[in-house]
Amino acid sequence: MNLKERQWVIGSILLIMTLIFLGRLAQLQLAPGPWRDYAARLTEEREIIDAARGMILDRNSEIFMTNIASYDITFVPRQGKLAGGFDTSDLSGVLQMSQKQLKENIQKADDYASYRPSAIRKQIPAEEYAKASGELWRFPGLQTKRRAIRTNPSGMASQILGEYRETDREDLLSGIGYELGDYKGKSGIELHYENSLRGHRGVKYHIVDVRNDFREPLSDGQLDTLPIPGSDIMLTLDLELQSYGEHLMQGKRGAIVAIEPSTGEILTIVSAPTFATDLLTGLERGRHYDSLLRDPSKPLFNRTVRATYRPGSIFKMIQGLIALDEGVIHPESRIVCNRNIIGCHGQHSFDNLQEAIVHSCNPYFHEVMKRMVQSGKSENIFKDASEGLSRWTPRIKQFGLGTNLGGILPGLRSGSVPDTALYDRMYGTKRWAYSTIYSISIGEGELLTTPVHMANLAAIMANRGWYRTPHSVLDVGGKGKPEHLDSLVHTGVSDYAFGPIVNAMQTVIESAQGTGRKARVPGITVCGKTGTVQDGERQTHSVFMAFAPRDNPQIALSVYVENAGSGGDWAAPIASLIIEKYLTGEVTQSAKEQLILSATYPFPEH
């Protein structure tokens, strides 16, 4: 090869190498890829700006849940190392945490990402941060992130409001966009309306140097976005009434649920015992949660929507309504109080419908249901009972029992209304008759309801046959009540059937022989029904449901006091105080109020 040829070969090789180099350089600069992304991470920093979470208000715009400032102290391990480190014993004193815990958190931060900030102390209250902030500059690599935490100034309605806490693994893997260290609603209203409350985060982009120090905004801030605050949620609850209800239920176990009959709006929803919402926020959350979880009275358990009780004697009114509507009885139908069939109490022997409700006569409603279920349409008693119950069960469910009432209330259990399938499983197909299942005629046996279902039943009685699905939200983000919260539901019972039942409910309160005398309210006509609900071998639950006033009702409610005896002893007077407080704004029955406040669980046997 001559000299000229060698020059051409060498020149070609140099040209090819130059082109390869320029091509690769262009690829790194212009084309997407892992190396370009890596370079960007070394020079660009993204700062997340949290959106203000929406507040939760009562129906009068009083605050249930709002936000207060707290501070997270974060640490960038690489910055600390480049600056030569710092004295951890000194920093632990400033941050008021143990040196051991501080070292563990610093090591976790280094293991996670040495060039990115990781929290080493979370949710420092504003007052505590103010004391420490003047010292933080002495510790290289430390940064401060302002974070809002939830607070409930009143401490009321904790179970229905729910919990707001740090995301877990399930949230991070959900694909919704949560990141490590984010917070979200985990139960109750906070969870049910998470998408409305959380808002949208903002982002700031800026250039940093190799030491992660800020240099300048990226693209003059043109890529930055501002956070969009979350929507405020206005509840149907009345904070003052909620506070009074929780006050009355101190030291007791049970529930109060009050509804505005015409709208289905829940006015108060008390589960007792309760707890202060703020116990489950901040650094002490874990300790408080464990304590509440171990408490035998179960304050974390929302009895209003999760506890299922037998309806007891209150259920007799539904039996009477359906029997009237189907023509099985009429208001003056009298039935012998045959206590050899089923036990009863009180001085009565041959009641009509109204008297049977006032006296809560068990044999009367045993016979009423027998006429509906074991009607004699088939000669085979097993087939007859099965066909009768198949007609009976759907009619009971039209009152909302055994349903989730539209699925509007977070966590509401449906309870249970027995059907033929249940008894076929229990006893075998066509191997049971009315004599096997008669306990449900008086609200016992396999019937289960929640306090919300019983308050809704009171609303049905107040409206004479219809209800709007119970709900707890009045407005979201100033746009009004969400659609389909208050669907109208008819029970299918004729209006005329309610007359004698409502008359009986008034007599239960006003008669000298009525079991609900303690539910009287001065100047207000109250209609109600007591219930004494069995609880195994323990003392019975005291149960009461009512509405008031009789004409143009404004409130319908149920009250449950666990293991407190008969419905007239404790549940009825509590209902009386709630009704008076809501309708008049004050309580004049001071002796009754003091008696209730002094009563605590466990109640003495009667």
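What follows is calculated from the coordinates using simple rules that are stated; it is not laboratory data. This one's a predicted model, so the numbers in the text were calculated from it and none came from an experiment. Glycine gets a Cβ as well: all are built from the backbone with ideal geometry, and neighbour counts include every protein chain shown.
Fully extending the segment from GLU128 to PHE21 would add 32.8 nm, taking 0.36 nm per residue of separation and subtracting the current Cα-Cα distance. Computed over Cα pairs, the Kirkwood radius of region 97-238 leads via Stokes-Einstein (1.306 mPa s, 10 °C) to a diffusion coefficient of 86 µm² per second. Specify whether the C-alpha gyration tensor of region 90-158 places it in the rounded, prolate or oblate class, a ≥ b ≥ c being the square roots of the eigenvalues: rounded for a/c under 1.5, otherwise prolate if a/b is larger than b/c and oblate if not. Since a/c reaches 1.5 and a/b is larger than b/c, the shape of region 90-158 is classed as prolate.
Loop-resident trypsin sites (Lys or Arg not before Pro) (DSSP state other than H, G, I, E or B) in region 340-415 with no more than 11 further Cβ atoms inside 10 Å of their Cβ: LYS377. Each of LEU197, THR66, LEU389 was placed along the dipole of the chain (beta-carbon charges, centred on the mean Cα), and the one lying farthest toward the positive end is LEU389. Report summary: the helix-based calculation at 222 nm, which adds -39500 (n - 2.57) for every DSSP H run with n ≥ 4 and divides by the residues of the chain, gives -10500 deg cm²/dmol. The relative contact order of the chain, computed from alpha carbon pairs under 8 Å that lie at least 6 residues apart in sequence, is 13 percent. With one equal scatterer per alpha carbon and no solvent term, the Debye-computed log10 I(q)/I(0) for region 177-290 at 0.13, 0.18, 0.19 1/Å reads -0.77, -1.13, -1.19. 3J(HN,Hα) along region 284-292: 8, 3, x, 5, 5, 4, 4, 5, 5 Hz, from the Karplus curve 6.51 cos²θ - 1.76 cosθ + 1.60 with θ = phi - 60°, whole Hz, x for Gly and Pro. Taking trypsin sites (Lys or Arg not before Pro) across region 50-148, none is in a DSSP loop with at most 14 further Cβ atoms lying within 10 angstrom of its Cβ.
3J(HN,Hα) along region 460-466: 4, 5, 5, 8, 6, x, 8 Hz, from the Karplus curve 6.51 cos²θ - 1.76 cosθ + 1.60 with θ = phi - 60°, whole Hz, x for Gly and Pro.
The protection proxy used here, the mean number of other Cβ atoms lying within 10 Å of each residue, ranks peptides 558-570, 246-258 as follows, highest first: 558-570, 246-258. How large is the translational diffusion coefficient of the chain in µm² per second when you combine the Kirkwood radius over alpha carbon pairs with Stokes-Einstein at 20 °C and 1.002 mPa s? Result for D is 75 µm²/s. Between TRP137 and ASP168, the contour length at 0.36 nm per residue exceeds the alpha carbon distance by 8.0 nm. Which stretch or stretches of region 490-514 have amide N atoms under 20 Å from the point lying 7 Å from SER375's Cα along the Cα→Cβ direction? Backbone N within reach: 491-498. Close amide H pairs (under 5 Å, H built 1.01 Å from N) link ARG147 with SER70, TYR71, ASP72, residues at least 5 positions away or on another chain.
The mean sequence distance of close C-alpha pairs (under 8 Å, at least 6 residues apart), as a share of the length of region 410-499, puts its relative contact order at 22 percent.
Computed over the Cα atoms of region 452-539, pair by distinct pair, the Kirkwood hydrodynamic radius stands at 15.6 angstrom. Here the chain is treated with +1 on each Lys and Arg Cβ and -1 on each Asp and Glu Cβ, and its dipole about the Cα centre works out to around 1140 debye. Shown in residue order for region 421-438 are the 3J(HN,Hα) couplings computed by the Karplus curve 6.51 cos²θ - 1.76 cosθ + 1.60 at θ = phi - 60°: 4, 4, 6, 5, 5, 6, 10, x, 4, 6, 10, 9, 9, 4, 4, 7, 10, 4 Hz (x for Gly and Pro). Using Cβ point charges alone (K and R +1, D and E -1), the dipole size of region 69-152 about the Cα centre works out to roughly 280 debye. For region 363-505, the dipole from Cβ point charges (+1 on Lys and Arg, -1 on Asp and Glu) about the Cα centre works out to 120 debye, to the nearest 20. Go through ILE335, ALA323, SER441 and say which Cα lies farthest out towards the positive end of the charge dipole of region 317-444; charges sit on Cβ, +1 for Lys and Arg, -1 for Asp and Glu. Among ILE335, ALA323, SER441, the one farthest towards the positive end of the dipole of region 317-444 is SER441.
In region 359-408, the ratio of gyration radius to Kirkwood radius, Rg to Rh, stands at 1.11 when only Cα atoms are counted.
A straight chain from LYS479 to SER262 at 0.36 nm per residue would run longer than the Cα-Cα distance by 76.0 nm. Cross-link partners of LYS108 among aspartates and glutamates, defined as those whose alpha carbon lies under 20 angstrom from its own and excluding same-chain residues fewer than eight positions apart: ASP72, ASP87, ASP90, GLU166, ASP168, GLU179, ASP182.
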